[in-house]
Every structure is written in C-alpha cells, then in structure tokens.
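These notes concern the structure reproduced below.
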Amino acid sequence: MIVTVAEKAGACYGVNRALELALGCQDAPQPVHTLGPLIHNPLVVASLAEQGVFEAANLDEAGSGTVVIRSHGTGPQLIEEAERRGFNVIDATCPFVSKVQQHAAELGRQGYAVVIVGEAGHAEVEGIRAWGGSAVLAVVEEPEELPAALPPKVGVVVQTTQSEERYQRVLAALEQRCEEVRAFKTICSATQMRQRAAAELAAASDVMVVIGGRNSGNTRRLVEVCQASCPTYHVESAAELQPEWFAPHSRVGVTAGASTPQAHIDAVTSALEALA
C-alpha cells in the first residue's frame with residue numbers, strides 16, 4: 001500500500017486563529033464558552049472542553065463570563081446582545097467570513113437584493129444572512145433553487161467553503177435573468193487549494209480517505225470532489241478505518257478538511273501505513 005497525503009490539507013488559517021483565541025482565554029473572565037461549536041470538528045470541540053473552553057447553545061446557557069464567537073461568525077445582533085448583557089466577547093470569526101458578512105451588508109445598503117450561494121442552515125450562511133438582513137432574497141446551491149421572480153438588481157456572495165462550480169452555475173443563471181448583477185466571489189483561497197489538491201490526488205489514487213467532522217461543509221465537499229474519481233471514505237478519526245477498504249497494493253490518497261488538525265492527519269496516515 002502506498003499512502004500519499006494531498007499537498008494542501010487540514011486546518012486553515014481561520015481555524016488555527018480561532019483555536020488560538022479560544023485557548024488564550026485563561027486570563028479572561030470565567031467561565032469561557034463558545035457560542036455553538038468553535039469549529040466543525042467534534043473531536044476538537046471535546047478537546048477544548050477538557051481545557052476549559054465549553055460550548056453553549058446560546059447566551060442564556062453561557063450565563064456569564066466570556067463568550068467566543070465561532071469561526072463561522074454570527075449576526076451583529078447577537079454580538080450586540082452579548083455586550084449589552086456584560087459578557088466579555090472574543091470574536092474568532094474567520095477574517096474571510098467577515099469579508100462576506102460586510103459585502104452582504106453593503107449590497108443591502110446599496111439597494112441590491114442579496115443571493116447567498118451556500119448551504120441553508122449552515123452556521124456561516126446564517127451569520128451572513130443576519131448581516132444582509134431584509135435584503136437577503138434567497139440562499140441557494142443550484143440555479144433551480146432561485147425564486148421564479150427576480151428583481152432587476154441582484155447582489156451575490158458565496159459561502160467561503162462552497163465550490164467554484166456551484167458559484168459559477170448560480171451566477172450564470174442570474175446574469176441571464178437580471179438587469180444588473182454585482183457579485184463577490186468570496187470562496188476562501190484555502191478551500192479552493194484543498195479542493196484542487198484533493199481532485200489531483202484522487203485522480204491518481206485507487207482509494208481516498210477524507211478526514212474531518214461529518215458536520216463540516218468543506219469536508220463534505222472534499223468527499224464529493226474525490227468521489228468523482230475513486231471510492232472515497234469520510235472518517236473523523238483513525239479508529240474508523242476498515243482494513244477491507246484497501247487492497248494490499250492500493251494507492252491510498254489522504255486529504256482533510258479545513259477544521260482538521262495536523263495531529264489527526266498524522267494519526268490516520270500512521271494507521272494506514274500499519275495496514276500495509
């Protein structure tokens with residue numbers, strides 16, 4: 001068995017920054033809670049709790065002390081409410097996500113109806129929707145999901161972890177149907193690099209293993225990318241690997257989502273090499 005790790009894989013700048021901010025709260029007012037999971041990786045969230053950074057579903061559950069805004073961001077109203085209640089607020093929103101939020105707000109102020117290309121219900125998308133406010137017309141992943149009636153002026157932003165192909169399909173449909181379209185391609189460069197590297201490795205592999213939280217949108221998209229070329233297995237940890245997935249002489253490619261620490265990648269590759 002030959003095991004190869006994708007050239008670009010694992011935790012991105014925004015994730016590492018969020019972890020540093022959360023773990024740097026030892027001297028902040030206690031207790032420390034993240035509002036929702038800091039990142040979409042259950043193993044990392046469990047590790048944070050062991051180090052005194054707990055997850056809370058809302059401000060009432062957090063109670064008092066310090067709240068950390070998750071890397072996916074949130075709406076301005078929640079941040080304002082936390083400050084009003086006297087919480088110490090640490091904003092760990094990924095800077096790339098913050099840019100999308102600001103674009104959505106600005107498009108609304110300029111009179112555009114806003115279309116968000118993204119996964120409805122995802123924390124990042126819901127935060128962007130909150131920044132866009134009443135200007136947000138729809139959240140879609142495919143052109144078929146666009147409203148039947150569209151206004152003449154439409155602004156477009158895209159979830160940072162979406163695929164380029166989805167964004168381009170929706171944008172092309174809007175340009176055909178609207179008088180004016182102002183679009184911001186806000187896909188994170190780290191996402192694009194990981195998807196490209198995963199596609200290249202999958203094309204040269206017999207089997208792919210994608211490491212990351214099952215609640216991670218960018219990890220699921222890596223799975224989709226790899227499945228186009230070869231059988232692909234999505235795992236959160238090395239313990240989930242099954243020997244029957246791999247032939248003795250197979251070429252096994254490994255990649256990981258942007259919320260996956262290097263230690264998790266190392267553990268999976270070590271387990272795979274032990275199967276060889």
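See the values below:
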item	result
Test: P37 is out of contact with any Leu (no Cβ under 6 Å at 6 or more places or on another chain), closer than 25 Å to Q195 by Cα and assigned to a loop (DSSP other than H, G, I, E, B)	yes
Subset of segment 29-46 that is free of Cβ contacts under 8 Å to residues at least 40 places away in the same chain and among the hydrophobic types (A, V, I, L, M, F, W, C) - its residue that is surrounded by the most Cβ atoms within 10 Å (Cβ to Cβ)	V32
Meets criteria (modelled with pLDDT under 95 and either surrounded by fewer than 16 Cβ atoms within 10 Å (Cβ to Cβ) or part of a loop (DSSP other than H, G, I, E, B) (or both)) for Q26	yes
Pairs, first over 19 Å from G121 (Cβ atoms) in segment 55-76, second of a type in the set (S, T, N, Q) and open to solvent by 50 Å² or more (accessible area, probe 1.4 Å), C-beta under 9 Å, six or more apart	S64/Q30; G65/Q30; G65/N88; T66/Q30; T66/N88; V67/N88
Given (1) surrounded by fewer than 22 Cβ atoms within 10 Å (Cβ to Cβ); (2) in contact with a strand residue (DSSP E or B) (Cβ under 6 Å, 6 or more places away or on another chain); (3) aliphatic (A, V, I, L, M); (4) closer than 17 Å to E20 by Cα, index of the condition A49 fails	(2)
Subset tally (residues that are closer than 30 Å to V5 by Cβ and touching a Gly at 6+ places or on another chain (Cβ under 7 Å)) for segment 142-195	4
Which numbered condition V268 misses (of (1) within 30 Å of P95 (Cβ to Cβ); (2) exposed (fewer than 14 other Cβ atoms within 10 Å of the Cβ))	(2)
Hey, V115 in contact with an Asp or Glu (Cβ under 9 Å, 6 or more places away or on another chain) and touching a residue at least 12 places away in the same chain (Cβ under 8 Å) or not	no
Matching residues, segment 194-252, being acidic (D, E), in a loop (DSSP other than H, G, I, E, B) and within 21 Å of A11 (Cβ to Cβ)	E236
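The rows are residues; the columns are (1) open to solvent by less than 20 Å² (accessible area, probe 1.4 Å); (2) touching a strand residue (DSSP E or B) at 6+ places or on another chain (Cβ under 7 Å).
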position: R182; (1), (2): no, yes
position: A203; (1), (2): no, no
position: R220; (1), (2): no, no
position: E224; (1), (2): no, no
position: E244; (1), (2): no, no
position: A256; (1), (2): yes, yes
position: E273; (1), (2): no, yes
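The values are calculated or read from the model by the stated rules, or taken from the named source; none is laboratory data. Because the structure is predicted, anything quoted here is derived from the model rather than measured. Because the Cβ atoms are built from the backbone with ideal geometry, glycine has one as well, and the counts that use them run over all protein chains shown. We work out accessible area using only protein heavy atoms, side chains counted, and drop any ligands, DNA or RNA first. Shrake-Rupley method; radii C 1.70, N 1.55, O 1.52, S 1.80 Å.
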